[in-house]
Every structure is written in C-alpha cells, then in structure tokens.
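Dropping the structure in here first, questions after.
The values are calculated or read from the model by the stated rules, or taken from the named source; none is laboratory data. Since we're looking at a predicted model, the values are computed, not measured. Glycine gets a Cβ as well: all are built from the backbone with ideal geometry, and neighbour counts include every protein chain shown. Note: accessible area is taken over every heavy atom of the protein model, side chains too, but ligands, DNA and RNA are not part of it. Shrake-Rupley method; radii C 1.70, N 1.55, O 1.52, S 1.80 Å.
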There are 2 protein chains.
Amino acid sequence: MQLNDTFSALADPTRRAIVARLARGEATVGELAAPFDISLPAISRHLKVLERAALISNVRVGKHRRCRLRPEALTGAQDWLEFHRRFWTGSLDRLAAHLKTSPRTKK
Amino acid sequence: MQLNDTFSALADPTRRAIVARLARGEATVGELAAPFDISLPAISRHLKVLERAALISNVRVGKHRRCRLRPEALTGAQDWLEFHRRFWTGSLDRLAAHLKTSPRTKK
DNA sequence: CGATGAATTAACTTACTGGTTATCTAATGC
DNA sequence: GCATTAGATAACCAGTAAGTTAATTCATCG
C-alpha cells in the first residue's frame with residue numbers, strides 16, 4: 001500500500017530531516033548521516049524505508065552512494081490530503097449553507 | 001511533535017478510512033466502527049490517536065459520542081509536503097537551468 | 001432504582017520499529 | 001594483492017502499536 005509507506009516514512013523526524021536535506025540537493029549516505037548522532041546502520045535503514053516509500057532513489061558512484069529525492073513521490077500523499085481537506089471544508093460550506101437556508105429549524 | 005502525530009496517524013489505513021468517512025459528515029463512534037470487522041475498543045483507540053493528532057474532535061450527545069473532523073488539522077502536513085516538493089522541484093529546475101547554461105562542462 | 005446500551009479503560013498478546021554493535025561486501029589506492 | 005574506506009546486513013534489545021476479551025463508566029428508559 002503506497003500511502004501507508006509514504007505516511008509512515010514521513011512520520012519519523014529523522015527521515016523528514018533527511019528529506020528536507022535532500023530537497024536542497026543530492027547527497028551521499030555519509031553526508032546524510034553526518035548531522036545526526038545516531039549510527040550509520042540506523043541511517044542506512046532510514047534510507048531503506050524512504051526508498052520503499054519511493055521517496056528517494058540512489059545510485060552507486062565509485063565507493064559512494066549518492067541519494068536523491070524522487071519528484072513524483074510526495075504527490076500521492078499530497079493528493080490524499082488535498083482531496084479530503086477540500087471535501088470536508090466543502091461539507092462545512094454545505095452545513096453553513098444549510099444553516100443559512102433554514103435558520104432556526106431547531107430539532 | 002505535531003507533524004509526527006499527524007503523519008503517523010495517517011499511516012494507518014483504518015484511520016485514513018475513518019477520516020475519509022468523517023470528511024463526508026459527522027458520525028458517532030458506533031457508526032464509524034460499523035464498516036470494520038475489528039472490535040469497538042480497537043476503533044476507540046484509533047479515534048484517540050486521531051484526536052491526539054488534532055485531526056478530529058468529539059462531543060458527547062446523550063449516550064452517543066459524535067465525532068467530526070477539524071478543518072485546520074491537515075494543513076500542517078500539507079504545508080510540509082508542499083514546501084519540500086516545491087523546494088526540490090525548484091532544485092531540479094535550477095539543475096536544468098545549470099545544465100542549459102553550461103552545456104558540456106563535463107567534469 | 002435497576003436494566004440497557006454506547007463507549008472507554010484495563011490487562012494482556014503479538015508484531016513492528018528504531019536503535020545498538022559486530023560482521024560482511026565492494027570499490028579505491030598503494 | 002592487501003589495506004582502507006563507504007556502506008549494507010545480521011543479530012539482538014527495548015519501546016511502541018494494534019489487536020483481543022473482560023470489566024467499567026455514564027446516560028437514558030421503564
């Protein structure tokens with residue numbers, strides 16, 4: 001389930017920080033790991049989670065591995081949020097309209 | 001951490017379904033539980049997670065408890081997604097511009 | 001008041017997550 | 001070929017999450 005993976009990937013602050021970092025440009029695993037004081041294997045697994053969610057991709061260049069964001073990845077989550085937010089502000093509008101149309105039809 | 005709560009709340013398909021249902025209008029806990037074949041306590045706890053994420057609120061009406069979505073709740077997550085998506089398509093644009101400006105400055 | 005019905009809380013189980021250290025793989029440089 | 005360096009995998013541990021059934025709260029109805 002793609003949305004599951006996306007949302008749960010983004011639920012972790014370390015992973016969001018990694019995404020934020022990558023939004024500013026590509027980076028190697030080591031560069032990504034540097035700001036955090038957790039072990040490299042931990043970072044490696046975070047990256048794997050992000051990969052499984054299709055949020056990043058990586059390519060081997062020499063002995064480094066260069067990571068980048070995948071532009072299309074966030075759209076699924078964004079669309080979901082957008083759809084439901086609009087839908088229900090829509091309902092609120094309808095409610096407001098209803099209250100306006102039938103002012104004191106209490107009970 | 002608000003974004004944590006929001007994203008992890010939305011990471012669960014049952015909770016997303018509940019949000020989707022509520023986007024179409026208020027409902028009692030029992031009504032929300034009906035479509036699922038999990039126990040009521042399980043639903044109750046899902047609702048609590050959604051509450052903690054400020055995605056829903058509820059009010060007691062008689063012996064029922066009526067739930068509704070909170071319009072402002074999704075915006076935090078949405079803003080985060082929007083910001084980073086734009087930022088990094090921005091970087092891609094800059095990359096494209098760079099490639100265009102200096103066509104074959106290879107290595 | 002006592003019974004019923006809606007929902008939460010408690011206690012428990014199982015599975016997953018995020019971290020660790022230690023080991024392994026693969027590419028570079030001498 | 002061997003040492004070094006970047007990174008991934010393995011094995012393990014502690015905390016959290018999601019589900020269950022049983023017990024509890026709270027409001028209505030008779």
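Give the calculated FRET efficiency between B:E51 and A:L40 to the nearest 0.05, with a Förster radius of 25 Å applied to their Cβ-Cβ distance.
Plugging the Cβ-Cβ distance into 1/(1 + (r/R0)^6) gives 0.10.
Quote the relative contact order of segment B:2-72 in percent (integer), defining contacts as alpha-carbon pairs under 8 Å separated by 6+ residues.
Values: 70 pairs, mean separation 26.3, N = 71.
So the answer I get is 37 percent.
If each label sits 7 angstrom from Cα along the C-beta direction, how far apart, in nm, is B:P13 from its counterparts in the other copies?
List, nearest first: 3.1 nm.
For segment B:9-89, what number results from the quotient of the Cα radius of gyration and 2.2 N^0.38 Å?
Normalised Cα radius of gyration, segment B:9-89: 1.22.
Within segment A:56-72, whose backbone N sits under 16 Å from a point 7 Å along Cα→Cβ of B:T89?
Output list for this probe position: A:69-72.
List the distances, in nm to one decimal, from the label point of A:T28 to the label points of the same position in every other copy, shortest first, placing each label point 7 Å from Cα along the Cα-to-Cβ direction.
So the distances to the same position in the other copies read 6.3 nm.
Separate question: To one decimal in nm, how far is B:S39 from the same spot in the other copies, if labels go 7 Å from Cα toward Cβ? Please give the shortest first.
Result for B:S39, in nm, nearest copy first: 3.7.
Taking a probe of 1.4 angstrom, what is the accessible area of B:F87 in Å², to the nearest 10?
For B:F87, solvent-accessible area is about 70 Å².
Give me the net charge for the shell around B:T14: Cβ to Cβ below 12 angstrom, other residues only, Lys and Arg +1, Asp and Glu -1.
+2
Where the centroid of each part is defined by its Cα atoms, how far is segment A:23-58 from segment B:34-62 in Å?
35
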